[in-house]
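All remarks here apply to the structure that follows.
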Amino acid sequence: MHFHLNGPFSRPKPTLTPAGIFCLFLSLWGCVAIYNATFHLSRAHWFVGRQLIWVALGAAVLLFTSGTPPRTIRRLLPVLAAGSYAALWLVLAFGIRINGMRGWFSWQGVFVQPSEIGKPVFVLALATILTREGNPVGDWRRSYLPALGVTALWVLPIALQPDFGALLIYGIAFVAMYWALGGKPAHVGATAVGLVPLGLLVMSRYPYVGKRFASFLNPGAYPDTSGWHILQCQRAFASGGGLGRSFENGRWAQAYLPLGHSDSVFASAAEAVGFVGVLPVVLLILVWVVYGYRRAETCDDRFASAVIIGIVTMLAGQALIHLSVNLGLFPPTGITLPLISYGGSSLIATLVSVGIVEAMARQSRTVDSE
Amino acid sequence: MTEQATANAPHASRRTRFLLAVFLFWGTVVVVKLAQLMLINRDQYLTEMTRRSVYVGHIPARRGRLLDRDGRVLAWSSRHLRLLWDVPPDIVSASRDWHLLKTACKELPVWSGDDIRDRLGTRSCVLDDVTLRSVTSPEQLMAIRGVRLESYFARHYCSAPEVVLALGQVTLIDGAEVGVSGAEKTHDALLRGRPSSYRVMVDKHGEWIPETWRKTDELRPGFDVHLPASYPSVYSIPTWSRKPSSTPAAAAGG
């Protein structure tokens with residue numbers, strides 16, 4: 001398959017790669033998991049119906065993005081970045097508040113979360129800064145500080161929402177990209193030390209953050225308050241056992257588990273399909289990491305390599321944090337499971353990200369074959 | 001490959017492998033934790049879950065009858081229904097539910113708007129000896145939010161005082177009638193029967209999840225016991241006592 005970069009805005013050619021097909025199947029499996037978590041509600045088909053619409057829309061977006069030439073993506077980046085960043089600020093003024101977080105635009109029953117949509121754009125922007133000509137990544141003045149500055153500016157409106165889960169994902173992407181491109185660990189370490197006072201400030205301003213940490217360390221001490229979510233997730237896993245209770249029979253998830261279709265979707269699915277059913281999910285995340293990093297290693301373009309590393313790390317990190325939160329290995333934070341959890345913004349952003357990875361990786365193969 | 005990429009590739013490769021190792025470690029930890037929760041320590045979690053979420057209830061068996069040598073009934077039990085109602089906190093919902101209850105049940109007390117208002121938000125408001133209308137099933141009644149039905153037994157005796165003394169009395173223990181004196185105590189093992197047991201899961205508000213209701217023990221009614229005596233004088237009394245004598249005080253009063 002040849003791909004010609006014949007202009008700054010080469011026309012996208014809809015492309016469906018094996019990875020893309022696989023992601024769409026995973027999205028459909030997510031719809032089943034969402035139905036399993038919500039069928040007992042009065043509007044049993046409401047969540048899954050909406051998610052199916054998002055999957056259809058996401059499939060189109062994936063086709064389009066996978067076939068978009070990387071050069072076009074780079075040319076569009078200033079517009080995309082400006083739009084995404086403006087949306088992050090505008091949502092603070094015009095967005096609606098859900099669960100104490102002002103992070104969604106709402107229009108006619110459709111919710112859009114800018115912090116999700118902005119994830120792939122952030123990776124593209126950061127990759128641009130880290131791979132600028134003549135700026136070695138190890139140079140803290142010419143490379144690290146600009147990258148850190150962009151990251152700080154990008155996450156500032158997200159911190160004000162406040163969406164600490166998204167903040168964490170952006171932070172992981174930044175560290176992984178900087179490290180993988182040759183950054184010095186001392187820079188990251190110094191930044192981490194500098195963030196400690198900020199973390200303490202956040203914990204004093206938002207007491208629930210401290211409570212979540214305390215309940216994470218000993219959920220049994222807070223069984224009816226901050227430890228409730230962790231305990232119910234763990235019990236849903238135990239209820240599933242080795243083989244699960246089959247779909248629609250996850251009584252524990254239905255009766256006790258909060259947000260079984262979004263933030264706890266892994267636990268509710270685990271009760272239905274059991275250990276043998278969720279083990280492949282973990283393996284698939286690791287396969288995605290191996291696949292992505294292999295693509296990044298064989299990439300001849302540094303920008304493309306950085307983008308792939310950033311997106312792969314971001315998605316895999318988000319997925320593993322979701323699993324870890326559900327299992328009680330990580331303090332509770334509202335993070336969705338990419339492709340599986342309910343939510344159009346998350347699904348579209350994930351499929352766009354996969355499309356960008358495929359587009360970037362395909363470019364190197366095309367150039368090699370030429 | 002470009003010159004720059006060639007220069008950076010081995011370095012980047014080493015570092016991405018380090019990241020890969022981090023993810024592999026993380027994934028392994030997740031799998032181990034999954035195995036611990038779902039396989040290794042599962043029973044421990046299930047025990048805890050059962051303790052917190054499963055309600056085990058008993059349906060008492062009907063106590064056997066006491067009869068004289070000639071087969072005349074001296075003591076018997078009748079089943080009654082008790083309605084427990086969590087009255088909604090707002091007057092509109094409470095009035096609507098009360099109207100539904102009156103449609104489904106006979107002989108409910110006459111409550112005015114003020115009576116209902118006084119009970120707003122009351123949990124487990126008790127209405128004893130409820131009789132369902134013939135067109136109402138218990139399921140229909142329990143479809144009204146916050147309504148539960150409990151059955152209980154009342155023991156009745158013939159009204160001859162000398163016979164009642166010989167028959168003795170029963171008391172209620174966990175909803176079952178237990179003989180505490182006289183023939184009721186002597187033949188208690190035969191009369192009592194075996195209650196049925198059931199398990200049902202409750203949600204975080206304490207409400208039953210009906211689909212999870214399971215019977216765990218079959219109910220066996222008590223046996224009838226024929227006393228080795230005849231009490232012809234009993235039948236010289238034309239009426240039977242209708243007063244339940246399920247408590248010692250009530251029995252003594254009878």
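Once backbone amide H atoms are built at 1.01 Å from N, A:T336 has no partners under 5 Å, excluding neighbours fewer than 5 places away on the same chain.
Report, to the nearest 10°, how far helix A:114-130 tilts away from the longest principal axis of the Cα atoms in chain A, using its own Cα long axis and a range of 0 to 90°. With rounding to tens, the tilt is 30 degrees. Chain A and chain B together bury an accessible surface of about 4000 square angstrom, both sides counted, with a 1.4 Å probe and no ligands or nucleic acids included. Any idea what diffusion coefficient chain A gets from Stokes-Einstein, in µm²/s, Kirkwood Rh on alpha carbon pairs, 4 °C, 1.567 mPa s? Estimated via Stokes-Einstein, D reaches 61 µm²/s.
When you restrict to C-alpha pairs under 8 Å that are six or more residues apart and normalise by the size of the stretch B:56-244, the relative contact order lands at 32 percent. Working from label points 7 Å from Cα in the Cα-to-Cβ sense, the A:S246 to B:D114 distance is 5.8 nm. Note on the stretch A:1-150: Kirkwood hydrodynamic radius from all Cα pairs is 18.5 Å, rounded to one decimal. Projecting the Cα positions of A:S239, A:S143, A:P185 onto the charge dipole of the stretch A:136-262 (unit charges on Cβ atoms of Lys, Arg, Asp and Glu, taken about the Cα centre) puts A:P185 furthest along the positive direction.
Taking all C-alpha pairs of the stretch A:235-315, those more than 18 Å from each other amount to 53 percent. So what is the diffusion coefficient of the stretch A:84-198 in µm² per second by Stokes-Einstein at 25 °C and 0.890 mPa s, using a Kirkwood Rh over Cα pairs? Rounded to a whole number, D works out at 164 µm²/s.
Just the number please: accessible area per residue for the protein assembly as shown, 1.4 Å probe, all protein chains included, in Å².
Numbers: 29500 Å² over 624 residues.
Each residue of the protein assembly as shown exposes 47 Å² on average to a 1.4 Å probe.
About the centre of its Cα atoms, the stretch A:228-370 shows a dipole size close to 340 debye [charges on the beta carbon of Lys, Arg (+1) and Asp, Glu (-1) only; nearest 20 debye].
Eigenvalues of the alpha-carbon gyration tensor of chain B, scaled by 5 and square-rooted, set the equivalent ellipsoid semi-axes at 62, 27, 13 angstrom, largest first. Note: relative contact order over the stretch A:265-370, using C-alpha pairs below 8 Å and six or more positions apart, is 29 percent. For the protein assembly as shown, the mean residue ellipticity at 222 nm estimated from helices alone is -18500 deg cm²/dmol, where every DSSP H run of n ≥ 4 contributes -39500 (n - 2.57) and the total is divided by all residues, rounded to the nearest 500. Counting only GluC sites (Glu not before Pro) that DSSP places in a loop and that have at most 10 other Cβ atoms within 10 Å, the longest clean stretch of chain B runs over B:108-217. Compare the Cα positions of A:A270, A:I96, A:T225 along the charge dipole of the protein assembly as shown (+1 at Cβ of Lys, Arg; -1 at Cβ of Asp, Glu; about the Cα centre) and return the one farthest towards the positive end. Of the options given, the answer is A:I96. Rolling a 1.4 angstrom probe over the protein assembly as shown with all protein chains present gives an accessible area of which 63% lies on carbon and sulfur atoms. Database remark: amide H of B:L67 closer than 5 angstrom to the amide H of B:L74, B:V225, B:H226, B:L227 (H placed geometrically; neighbours at sequence offset of 5 or more, or on other chains; Pro and chain starts carry no H).
Binning the alpha carbon pair distances of the stretch A:252-367 at 5 angstrom intervals from zero yields the distribution 2, 12, 19, 21, 17, 12, 8, 5, 3, 1, 0, expressed in whole percent. What separates the Cα centres of the stretch A:44-94 and the stretch A:142-167 is a distance of 20 Å. The distance linking the stretch B:127-153 with the stretch A:233-264 is 32 Å (Cα centroid to Cα centroid, whole angstrom). Placing unit charges on each Cβ (+1 for Lys and Arg, -1 for Asp and Glu) gives chain B a dipole about its Cα centre, and among B:A75, B:P60, B:C125 the Cα reaching farthest toward its positive end belongs to B:P60. Seen from every direction in turn and averaged, the convex hull around the alpha carbons of the protein assembly as shown projects onto 36.0 nm². In the stretch B:155-198 the Cα-Cα distances spread across 10 Å bins starting at 0 as 28, 51, 18, 3, 0 percent of all pairs.
For chain B, modelled as a GNM whose springs connect Cα atoms under 10 angstrom apart, the maximal fluctuation among B:R63, B:R199, B:R17 occurs at B:R17. Relative to the longest principal axis of the Cα atoms of chain A, the long axis of helix A:344-369 makes an angle of roughly 30 degrees.
Given +1 at the Cβ of Lys and Arg, -1 at the Cβ of Asp and Glu and no other charges, the dipole of the protein assembly as shown around its Cα centre is 720 debye to the nearest 20. Between helix A:302-327 and chain A there is an angle of about 10 degrees, using the helix long axis and the longest principal axis of the Cα atoms. Phi-derived couplings, Karplus 6.51 cos²θ - 1.76 cosθ + 1.60 at θ = phi - 60°, listed residue by residue for the stretch B:49-57: 5, 4, 4, 8, 10, 9, 9, 9, x Hz, with x used for Gly and Pro.
Charging the Cβ of each Asp and Glu at -1 and of each Lys and Arg at +1, and nothing else, the dipole of chain A about its Cα centre rounds to 420 debye.
Read phi for every residue in the stretch A:185-200 and hand back ³J(HN,Hα) as whole Hz from Karplus 6.51 cos²θ - 1.76 cosθ + 1.60, θ = phi - 60°, with x for Gly and Pro. So the Karplus estimates, Gly and Pro as x, are x, 4, 4, 5, x, 5, 5, 4, 4, x, 7, 4, x, 4, x, 5 Hz.
Per the Debye calculation on the stretch A:301-370 with a single equal scatterer at every Cα and no solvent contribution, log₁₀ I(q)/I(0) for q = 0.23 Å⁻¹ amounts to -0.96.
Computed from backbone phi with θ = phi - 60° and the Karplus coefficients 6.51, -1.76 and 1.60, the 3J(HN,Hα) list for the stretch B:220-226 is 10, x, x, 7, 6, 10, 9 Hz; x is used for glycine and proline.
Between A:R97 and B:L172, the C-beta separation translates, for a Förster distance of 41 Å, into a calculated FRET efficiency of about 0.15. Can you pull the accessible area of A:K184 for me, 1.4 Å probe, Å² to the nearest 10? Number for this one is 110 Å².
The values are calculated or read from the model by the stated rules, or taken from the named source; none is laboratory data. In this text the structure is predicted, and so the values were computed from the model without any measurement. No Cβ is skipped: glycine too gets one built from the backbone with ideal geometry, and neighbour counts run over all protein chains shown. Heads up: the accessible areas ignore ligands, DNA and RNA and are worked out on the full protein's heavy atoms, side chains in. Shrake-Rupley method; radii C 1.70, N 1.55, O 1.52, S 1.80 Å.
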